[in-house]
Amino acid sequence: MLNRIIIYLDIIVPLICSLLAIIFLKNRRVKIHFYSLTLLLFYILQFTLNSIANILQELETNNLWTYHLNSLFTQIIFSVYFFFFFKNKLNKIFVVLSLCVYLGFFIYSFHFLQKAFTFNSFSYAFGVLWIIFFSLRSLQNIFKNIEVEDLLNLKEFWIATGILFYFGSSFFIFLSYSYLSKQAYNSVGILWKIHNVFLSIGCILFLKSIISKKWIQK
Amino acid sequence: MDSKVAIVIGAVIFASLVIFFILIFLIQFQKKALNYKIEKQLLQSQFSQTLLQTQLEIQEQTLKTISQEIHDNIGQVLSLAKLYLATSASLEDEKVKESQLLVGKAIQDLRDLSRTLNADFVEEMGLLRSVEYDLEMINKTGLLKTSLFVNGHVCKLEQKKELILFRIVQESLHNCIKHANASLISVKFKYEKEWLLLSVIDDGIGFVDKEFMAFDDESLNAEKLKVNDLSLNIAKSKKYNSDVIKLDEKNKNSPAAFGLGIRNMNNRAKLLGATLEIKTKKDSGTEVIIRVPITKEEIC
């Protein structure tokens, strides 16, 4: 039973979190912050693509193309977030450039390295590296400007924490998944279960960000 | 389980632990840095308070010495001169009579001056009476009309507090006489439950083409903008919803922007935990408002 729940955690948790976030935002009756919108989009993306992936798996059809899309849209969502988070022009340019480099690599990898029906370890891991880098940079910005009492009520802090937990922990899974699915097909399933646990933690931390009332004013 | 998968799992667990500890470390570090900052600020504020207090004590001591000198030395000399004039052979001479009157007036003026300079006088008479006395003295000159209004139940404040407040009022009155070109000065005491609102109002020329100036903690936190060479900080005050020019640590040594007297008034108010506001508009007079907290120990 637990095993079954863990397999579907990547659908259940984003769904629950998005519902809770919508209920919370509706009850609060305030203008929805752009950051919350970004996270809601991430929940919806995860719910939709993971649902498709799980359905395809149940039907014993190759579902690996969904992870290409997952990586692509996740990268776009967080690039947009970081673009608006950073106030410095140089950082903004850097975010745009990183997205362009990622897109270039994604297309190259899609065509020549890991095609639609292979897990996109390279492009996924490459994108995640950028996201981790920018989340560390955002943490540095936050720690420079904010006092510790405010920190735990700050939207940006919880987003950065969620990103670090989810992407930082899952990085090795993304990187090795394609290789291991060929080398150790029978035991690779556990990796995706671990991924689901970290995705759940990430989603919960993002929910905390949506609930948090403070953000760094421009 | 395959050993390669186990290695990846190990790496994942290790990465998550590293991230967890990095975050904990950063939060703790931030906490310590904040505590250090608070302690430093506290020490700095304690130091500046002590410095301010010492400065005021020295000032009071100097004033006391001057007051005593006037009373005991110049006063005595003039009294002796008056006595000599009184016992003069040419007492019928008009000039001698006139001189006698002038010396008498000088003695009285010096006595009054000596009184207002001496802190003991304020301690004996209390704030209200001392201010009244000062206003009477201004009235006597015939140059200005003064009035005193008291609202609410009069409180006997702490002696030191009364002295500092008296000095602020004195400075305000001095400014009115010297710079305001006013014809009327009013001093208002408004005793509230927890506050004393003390206002010095004149109908003079005002001194800044802004609606008013304020010095309070709230405006210190406001957004700072540099304006011209005077480096005045103009901020939008939520409280008053108006343009505010404020005095802060950065331009405290800029007497061009604010007179030394106003700085002293502000420093004195800070010592009492009071706020000082100066509302002024060109050709519409000036109002100095001091808002002092009244403690439970002070008798009302």
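The values are calculated or read from the model by the stated rules, or taken from the named source; none is laboratory data. What you see is a predicted model, and the numbers here were worked out from it, not measured in a lab. Here Cβ is always computed from backbone atoms with ideal geometry, including for glycine, and neighbour counts include all displayed protein chains. To get the accessible areas, we keep the full protein, side chains included, count just its heavy atoms, and leave off ligands, DNA and RNA. Shrake-Rupley method; radii C 1.70, N 1.55, O 1.52, S 1.80 Å.
Kindly work out what percent of the DSSP beta bridges joining two residues of the protein assembly as shown are antiparallel, to the nearest 5. In the protein assembly as shown, approximately 75 percent of DSSP beta bridges are antiparallel ones.
Inter-chain neighbour count for A:163-173: the average number of beta-carbon atoms from partner chains within 10 Å of each residue's beta-carbon is 5. Applying a DSSP loop filter and a limit of 15 other Cβ atoms within 10 Å to the GluC sites (Glu not before Pro) in region A:60-162 leaves A:E60, A:E147.
Per residue, what accessible area does region A:1-121 have, given a 1.4 Å probe and all protein chains present, in Å²? Numbers along the way, then the final one.
Numbers: 6730 Å² over 121 residues.
Per-residue value: 56 Å².
Kirkwood-based Rg over Rh for region A:1-121 (C-alpha set), two decimals? List each step's numbers first, then the result.
Details: Rg = 17.0 Å, Rh = 16.3 Å.
Using only Cα positions, Rg/Rh for region A:1-121 is 1.04.
Cα centroids of region B:26-89 and region B:149-172: 17 Å apart. Of B:T280, B:T275, the residue with the largest accessible area leads and the full order is B:T275, B:T280 (1.4 Å probe).
Using DSSP to define loop residues, name the GluC sites (Glu not before Pro) in region B:86-155 whose beta-carbon has at most 12 other beta-carbon atoms within 10 Å. The partial results should precede the final answer.
Values: sites: B:E92, B:E94, B:E98, B:E123, B:E124, B:E132, B:E136; in loops: B:E92.
Here the GluC sites (Glu not before Pro) that fit, given the DSSP loop and packing criteria, are B:E92.
Equivalent ellipsoid of the protein assembly as shown: semi-axes from √(5λ) of the C-alpha gyration tensor, largest first, are 79, 21, 19 Å.
At an R0 of 22 angstrom, the distance between the Cβ atoms of B:E123 and B:L260 translates into a FRET efficiency of 0.30. Label positions at B:K145 and B:L271, each projected 7 Å from the Cα along the C-beta direction, are separated by 3.5 nm. The modelled label-to-label distance between B:D72 and A:F105, using points 7 Å beyond Cα along the C-beta direction, is 8.7 nm. Solvent-accessible area assigned to carbon and sulfur over chain A amounts to 71 percent, based on a 1.4 Å probe.
Counting only chymotrypsin sites (Phe, Trp or Tyr not before Pro) that are in a DSSP loop and have at most 12 other C-beta atoms within 10 Å, tell me the longest site-free stretch of chain A. That gives A:1-116 as the longest site-free run.
Give the average, rounded to an integer, of partner chain Cβ atoms located within 10 angstrom of each Cβ in B:5-14.
On the way: counts 10, 3, 3, 12, 6, 1, 6, 12, 3, 2.
Other-chain Cβ atoms within 10 Å of each residue's Cβ, averaged: 6.
Among A:Q75, A:Q46, A:Q114, the residue with the largest mean-square fluctuation in a Gaussian network model of chain A, with springs joining Cα atoms closer than 10 Å, is A:Q114. For the pairing of chain B with chain A, what total accessible surface becomes buried, with a 1.4 angstrom probe, in square angstrom to the nearest 100? Protein heavy atoms only, the B-A interface buries about 2000 Å².
Between B:K188 and B:E57, how high is the FRET efficiency from 1/(1 + (r/R0)^6) when r is the Cβ-Cβ distance and R₀ = 30 Å? Nearest 0.05. Write down the numbers at each step before the final one.
Details: r = 29 Å, r/R0 = 0.96.
After rounding, the FRET efficiency stands at 0.55.
Counting only protein heavy atoms and a probe of 1.4 Å, the accessible surface of region B:46-180 is 58% carbon and sulfur.
If you filter region A:27-69 for trypsin sites (Lys or Arg not before Pro), then keep DSSP loop positions with at most 11 other Cβ within 10 Å, what is left? Spell out each step's value before the answer.
Numbers: sites: A:R28, A:R29, A:K31; in loops: A:R29, A:K31.
Qualifying residues, ordered by number: A:R29, A:K31.
Starting from a Cα-only point model with no solvent, please compute log10 I(q)/I(0) by Debye for chain A at q = 0.13 1/Å. Debye curve over Cα of chain A, log10 I(q)/I(0) at q = 0.13 Å⁻¹: -0.75. Extent along the principal axes, Cα only, for region A:104-218: 48, 31, 18 Å, with the longest axis given first.
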